[in-house]
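Notes follow the structure.
Just so you know, all these numbers are worked out from the coordinates, no wet-lab data involved. Remember, it's a predicted structure, so these values are computed and weren't measured experimentally. Here the Cβ is made from the backbone with ideal geometry for all residues, glycine too, and neighbour counts use every protein chain on show.
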Amino acid sequence: MKVIFIQNILSYNFGIAYLNAILKSAGIQTDLFIISLEKKIIQKIIQAKPDLIGISCVTGEQGFYLNLIREVKKDYKVPVVIGGPHATYHAEEICKQEGVDFVCIGEGEQSILELCSSLSSNKDGKDVHNLCMFRNNKIIKNPMAPLVEDLDSLPFPNLDFYFKYHFFKNYTEMPIVTTRGCPWNCGFCYNAQKQAIYKGLGKYVRMRSPEKVIAELKERLVNKNIKSVILWDDIIGINKKWMQDFCERYSAEIGLPFFSSIRADLVNDFNLSLLKKANCYCLSIGVESGDSILRKQILGKDIEDESLLNAGKLVRKYGIKLRTSNMFMLPEENLEKALTTVELNQKMGAEIPFAYILQPYPGTPIYDYITQNNLLADTFSFDSLDPLGISYSSINIKIDNADNIKTIYKLFYYMVRSQKLCKFIVKIIDKLKPENILVNLAHNLSLFILYCKAHNVSYLNGLKVTWVYWRIDRNARKRLSLGK
Ligand code: B12
Ligand code: SF4
């Protein structure tokens, strides 16, 4: 049995890495193809003769993957299973698409093993937990397996196949996942849906033991030029004992600077003194909107202004860089409310203020709000959601002052960092069209600065990384447009 994973994004994918580890431990052969790093991708996949193709998909990428698997299947009949966030939240829709044989809802370790053995014994996945499929015009949903209760029982995620690519050999940042699940349910996030899918199937928020996390990191750092670590968790800091144990072990045994996200209401002296001692260089906090009504009632994030201001003050007091995550083009947002987001970030002292455009994912409360209030743009299409959420080619909702807000989104970094510049921009905002070439240039420059600061790299190294990404992206686009 041979399983091949196909991936679009130029980054590790820990969903795939966990599945790789579990398959390898069962003696199943695996490989990975990263589309932008391969020439003649279709031929390569066919030549590899997989018995199963696995794809991990976030919303926005589905159209791309569906086209690719249809191309493969023209010349090579192979079962395809799609998992990951998009498959989990939109299983019924995606299972009907041509070329998709199975959709895996939720955690996939048990399912992928069961699927391999089911396919080997010609059972067509009907006996496999978590799978959803479309057969004889009917959607079949198999029972869900309970959540993996003890994350320490899983083998360490296996990234080996990423290192066949030069690109990953040069990576200086090492991510790690320490938890699964988040106890909150913000209205723009899929977490609430995931909680509902897993209701009654075990404890939702689980943490790996600090001991195992450190052991995995140590294993992963051997012979690599890693300069920093990034925690790819939804949240840290909920469990005091865990935080203390993790931070103490990290500082004694790893010590590299690391990045993490944290909720503002978990920012306190206890957590921050531990994080600082462990060499946390940057914390990312979700502000979402500076307008508390928008944040709390429309976006469903129950965090007070005071909590954000206090978090900003404390993070700065401990000498940790403050990254914030903000959204624009929100329902009921107007110029004044968008400017409150700038102002709150200024007051918090955000050094790395990052802005996104709201992507109203179908199935989330914010999407329901937008559709019920007739705010969805006529041009909205499920398939055109931006897989990165930063390009604003697909603005999805109708709001007043849209042009002004788009300009603020693009110049956000400068407006937060300099009050003088902010006042000036506000004065001439009507003249600054968001498509203006200078506005676009300034926006791209700010993305570059934000990248370097958040990833703790010098501008020179940042330029090298940008150049590598740009070249890979340009070559991949050329090849794909020529069908190679
Ligand atoms: C790390 C992370 C990133 C990283 C890496 C992305 C990646 N593709 O791995 C970076 C920083 C690059 C990133 C970027 C983005 N992210 Co992000 N990210 C995360 C985060 C915090 C952790 C992902 C992770 O490693 N989880 C741990 C692994 C073990 O879990 P998993 O991925 O779910 O995998 C399990 C199952 O899903 C399943 N599975 C997964 N793949 C497959 C494949 C097969 C074949 C099978 C059978 C099963 C299977 O089995 C796995 C093991 O149990 C998640 C939130 C979360 N907690 O999952 C958000 C999350 C995935 N991100 C999200 C978003 C929106 C984005 C961005 C659009 C944000 C932005 N504006 O930049 C971009 C999109 C990038 C892209 N095209 O992938 C959303 C996706 C929502 C959606 N509907 O798709 C999530 C779910 C956050 C959220 N709660 O809404 N992200
Ligand atoms: S705290 Fe973060 S991960 Fe948790 S529900 Fe809110 S946005 Fe989602």
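In sequence order, segment 247-258 has phi-based couplings of 5, 5, 5, 4, 5, 6, 10, 10, x, 5, x, 9 Hz under the Karplus curve 6.51 cos²θ - 1.76 cosθ + 1.60, θ = phi - 60°, and Gly or Pro positions carry x. Here Leu463 and Leu376 are evaluated by their C-beta separation; at R0 = 35 Å the FRET efficiency comes out at 0.35. Between the Cα long axis of helix 14-25 and the first principal axis of the chain there is an angle of about 30°, rounded to the nearest 10. Against the empirical 2.2 N^0.38 Å (N residues), segment 58-122 has a Cα radius of gyration ratio of 1.11. Placing unit charges on the Cβ atoms of the charged side chains and taking the dipole of the chain about its Cα centre, the candidate lying farthest along the positive direction among Asn170, Thr88, Phe134 is Asn170. For segment 221-308, the spread of Cα coordinates along the three principal axes comes to 49, 26, 15 Å, biggest extent given first. What's the angle, to the nearest 10 degrees (0 to 90), between helix 305-317's Cα axis and the longest principal axis of the chain? It is inclined by approximately 90 degrees. Please work out the Kirkwood hydrodynamic radius for segment 21-80, using every pair of different C-alpha atoms, and report it in angstroms with one decimal place. Hydrodynamic radius (Kirkwood, Cα only) of segment 21-80 equals 12.7 Å.
Projecting the alpha carbon convex hull of segment 173-456 along each direction and taking the average yields 15.8 nm². Rounded, prolate or oblate: which fits segment 2-141, taking a ≥ b ≥ c as square roots of the Cα gyration tensor eigenvalues, rounded meaning a/c under 1.5, else prolate when a/b beats b/c? Because its axes are fairly even, with a/c under 1.5, segment 2-141 counts as rounded. A cut-off of 5 Å between modelled amide H atoms, ignoring neighbours fewer than 5 places along the same chain, links Phe328 with Tyr356, Ile357, Leu358.
A simple packing score, the average count of other Cβ atoms within 10 Å per residue, orders the peptides 98-106, 229-237 as 98-106, 229-237, with the highest score first. Placing +1 on the Cβ of every Lys and Arg and -1 on the Cβ of every Asp and Glu, with no other charges, gives the chain a dipole of roughly 1500 debye about its Cα centre. Placing a label point 7 Å from the Cα of Ser325 along the Cα-to-Cβ direction, the residues of segment 224-242 whose backbone N falls under 16 Å from that point are 230-238. Treating r as the C-beta distance of Asn239 and Phe424 and R0 as 45 Å, the FRET efficiency rounds to 0.45.
Calculated on C-alpha atoms, the gyration radius of the chain divided by its Kirkwood radius gives an Rg/Rh of 0.95.
Here is how the number arises for the chain: DSSP H runs of 4 or more residues each give -39500 (n - 2.57), the sum is divided by the residue count, and the result at 222 nm is -12500 deg cm²/dmol. Scanning residues 5 or more positions from Phe33 or on other chains, those with amide H under 5 Å from its amide H are Phe5, Ile6, Gln7, with H placed 1.01 Å from N in the peptide plane. Within the shell of other residues whose beta carbon sits under 13 angstrom from the beta carbon of Asn225, the net charge comes to +3, with Lys and Arg scored +1 and Asp and Glu -1. For the listed residue pairs Lys337/Lys431; Lys2/Lys138; Lys337/Lys423; Lys212/Lys240; Lys40/Lys164; Lys227/Lys313, the alpha carbons are over 22 angstrom apart in Lys2/Lys138; Lys227/Lys313. Centroid-to-centroid, using Cα positions, segment 7-60 and segment 253-308 are 34 Å apart. Sorting 123-136, 196-209, 362-375 by average packing, meaning the other beta carbons within 10 Å per residue, from highest down gives 123-136, 362-375, 196-209. Working note: Karplus 6.51/-1.76/1.60 with θ = phi - 60° gives segment 89-104 the couplings 8, 10, 4, 5, 6, 6, 5, 7, 6, 4, x, 8, 8, 9, 10, 9 Hz, where Gly and Pro are set to x.
Taken about its Cα centre, segment 38-143 carries a charge dipole of roughly 420 debye when the Cβ of each Lys and Arg holds +1 and the Cβ of each Asp and Glu holds -1.
Both radii come from the Cα set of segment 110-235: Rg as radius of gyration, Rh as Kirkwood radius; their ratio Rg/Rh reads 1.04. Note: relative contact order over the chain, using C-alpha pairs below 8 Å and six or more positions apart, is 11 percent. Could you work out the local net charge near Val213, counting Lys and Arg as +1, Asp and Glu as -1, over the other residues with Cβ closer than 15 Å to its Cβ? Residues close to Val213 contribute a combined charge of -1. Between the helical axis of 62-75 and the longest alpha-carbon principal axis of the chain there is an angle of about 20 degrees.
Charge tally for Asn310 (other residues, Cβ to Cβ under 10 Å; Lys, Arg +1; Asp, Glu -1): -3.
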